[in-house]
Amino acid sequence: MINPSNNSLYRGRFAPSPTGPLHFGSLIAAVASRLEATVHDGHWHLRMEDVDAPRCSQVFADAIVRGLATFGFEWDGPVVWQHDRIEAYESALERLRQRQSVFPCACTRRELADSEIHGLAQDGAALYPGTCRHGLPPGKQARAWRLRVGDAVVEFVDAVQGRVESMLAVDVGDFVLRRADNLFAYQLAVVVDDADAGITHVVRGADLLHSTPRQIFLQRCLGLTTPAYAHVPVAVNAGGEKLSKQTGAAALNLMRPGEELVEALRFLGQEPPKHLSAASVAEIWQWAGVHWSLDKVPRLVTRERST
Ligand code: GLU
C-alpha cells in the first residue's frame with residue numbers, strides 16, 4: 001500500500017505471469033523496469049500475475065522468483081500474488097457496476113464467432129457486435145462482464161515508443177473484465193494492482209502496447225491515476241515470433257547469469273563493455289546502474305535476439 005508521506009517516490013514493478021520459467025523475453029522487461037527504478041532512486045516491486053489460474057503454476061512462480069534472485073534482482077516489499085487480490089477486483093467491478101460502466105454479456109464464443117463482423121480488433125479478433133450492450137436478450141443468463149468503451153479516445157506518450165492514440169470502439173470494442181469462467185481479466189487486475197501499489201511508472205514489453213489504452217480508459221472509469229508508460233522492444237526469434245515458452249525459447253542459463261544479463265543490456269541498446277560478461281552479477285548491476293539510459297533503448301516493438 002502507498003505510504004502517503006512519500007507520494008513523490010518513483011514506484012516501478014515487474015509483473016510476470018507464471019505460465020513458464022523466466023526466459024530471455026521476460027528478463028528484458030525485468031532488467032529495464034529494475035534499472036529505471038534504480039536511476040530514479042525508486043522502489044521496484046514484484047507481482048506474480050497468476051489471475052489466469054488455469055494457465056499458471058506455483059512451480060513456475062517459484063522458479064521465476066529463484067531465477068530473479070540468481071540474476072541479482074532485489075525487490076521492495078513482499079511479492080504480491082494476484083490470487084490474494086480477488087476482493088480488490090470484486091470491489092472495482094462493483095464500483096463500475098454502480099456507475100453502469102459495465103454490462104453483463106450472455107454471448108458465447110460460438111455466438112460471437114457467428115455474428116455479423118463489425119470490424120476486427122487490433123488483435124485480429126472480431127469486434128464485439130454489441131448484442132448485450134443495452135440489456136440481456138430475453139431468457140439469457142449473464143456469462144461475462146464487459147466495459148462500455150463508448151466513443152472514448154485515449155492518447156498517451158510512451159517514453160520509448162512515442163505518441164499512441166486509440167479509439168477504443170474501433171481498436172478493441174467493449175472488452176471483458178470478468179470472464180465467462182468467472183475469472184477476472186488481466187486488464188482489470190493489472191489496473192487495480194498498479195493503483196493499489198502506487199505504481200508511478202510501468203516499464204514492460206511492447207507486446208502490451210495495445211493493452212495500454214484499455215488500461216488508461218479503465219483507470220479513468222475508476223477515478224485512478226495513470227502511471228507513465230515505457231514499452232521496451234520484445235525479443236523475437238529469426239522467424240519474428242515472440243520468445244516465450246510457447247515458441248520454445250531456450251530457458252535462461254542460470255549457471256551463467258552474467259552473460260545473460262549483459263546480453264539483455266545489449267538488447268536494450270546499452271553498450272556494456274565486452275569484458276563485463278565475465279564479471280559478477282553485482283558488478284554488472286553496478287555498471288548498469290551508472291550507465292543505464294532509457295534514451296538508448298531502440299524505438300522498436302520487436303527486435304531479434306542476436307545470439
Ligand atoms: N503479466 C504480464 C506478462 O507476463 C505482464 C503484465 C504487465 O507488465 O502489465 O506478460
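Read the figures in this text as sums done on the coordinates, not as results from a lab. Note that the structure is a prediction, hence the values are computed from the model and not measured. Positions of Cβ are generated from backbone atoms using ideal geometry, with glycine treated the same way; all protein chains shown enter the neighbour counts.
Between V301 and residues 5 or more places away or on another chain, which pairs have amide H atoms under 5 Å apart, with H built 1.01 Å from N, and which residues are they?
HN-HN under 5 Å from V301: empty list.
Using θ = phi - 60° and the Karplus form 6.51 cos²θ - 1.76 cosθ + 1.60, what ³J(HN,Hα) does each residue of the stretch 32-48 get, whole Hz, x for Gly and Pro?
5, 5, 4, 6, 4, 5, 4, 6, 9, 6, x, 9, 9, 10, 10, 10, 8
Expected output is a single nm value to one decimal: the length gained when fully extending between R299 and S115, i.e. 0.36 nm times separation in residues minus the C-alpha distance. What is it?
Values: separation 184, 0.36 × 184 = 66.24 nm, distance 3.81 nm.
Here the answer is 62.4 nm.
Give me the dipole magnitude in Debye, nearest 20, for the chain about the Cα centre, with unit charges on the beta carbon: positive for Lys and Arg, negative for Asp and Glu.
460 debye
Considering amide H positions built from the backbone, and no H for Pro or chain starts, which residues 5 or more places from L177, or on another chain, come under 5 Å of its amide H?
So L177 has HN proximity to W145, R146, L147.
When the chain is fully extended, how far beyond the present Cα-Cα distance does R179 get from R256, taking 0.36 nm per residue of separation? Before the final figure, lay out each step's value.
Values: separation 77, 0.36 × 77 = 27.72 nm, distance 4.10 nm.
Full-extension gain reported as 23.6 nm.
Please arrange I284, I86 by how many other C-beta atoms lie within 10 Å of their C-beta, fewest to most.
So the ranking, lowest neighbour count to highest, is I86, I284.
Inverting the mean 1/r over all pairs of different Cα atoms, compute the Kirkwood radius of the stretch 1-142 and quote it in Å. Before the final figure, lay out each step's value.
Details: mean 1/r = 0.0538 Å⁻¹.
Computed over the stretch 1-142, the radius equals 18.6 Å.
List, in order, the whole-Hz ³J(HN,Hα) value for each residue of the stretch 74-89 obtained from phi through the Karplus relation with A = 6.51, B = -1.76, C = 1.60 and θ = phi - 60°; use x for Gly and Pro.
Residue by residue, the stretch 74-89 yields 10, 10, 8, x, x, 5, 8, 10, 5, 5, 8, 10, 4, 4, 5, 5 Hz.
Aspartates and glutamates near K274 by alpha-carbon distance under 12 Å, same-chain residues fewer than 8 away left out - which ones?
E259, E263
Karplus couplings for the stretch 130-142 from phi (6.51 cos²θ - 1.76 cosθ + 1.60, θ = phi - 60°), rounded to Hz, Gly and Pro as x?
Working through the residues one at a time gives x, 3, 9, 4, 10, x, 5, x, x, x, 9, 9, 5 Hz.
Rounded, prolate or oblate: which fits the stretch 152-307, taking a ≥ b ≥ c as square roots of the Cα gyration tensor eigenvalues, rounded meaning a/c under 1.5, else prolate when a/b beats b/c?
Note, shape of the stretch 152-307 comes out prolate.
Rg (Å, one decimal) plus Dmax (Å, integer) for the alpha carbons of the chain?
Rg and Dmax of the chain, Cα atoms, are 20.1, 70 Å.
List the relative contact order of the chain as a percent without decimals, with contacts defined as Cα pairs under 8 Å and 6+ residues apart.
22 percent
What is the Cα centroid distance between the stretch 209-285 and the stretch 107-182, reported in whole angstrom?
Answer, in whole Å: 28.
Note the angle between two axes, namely the Cα long axis of helix 58-70 and the longest principal axis of the Cα atoms of the chain, as a number of degrees from 0 to 90, rounded to the nearest 10.
The helix 58-70 is inclined about 30 degrees to the chain.
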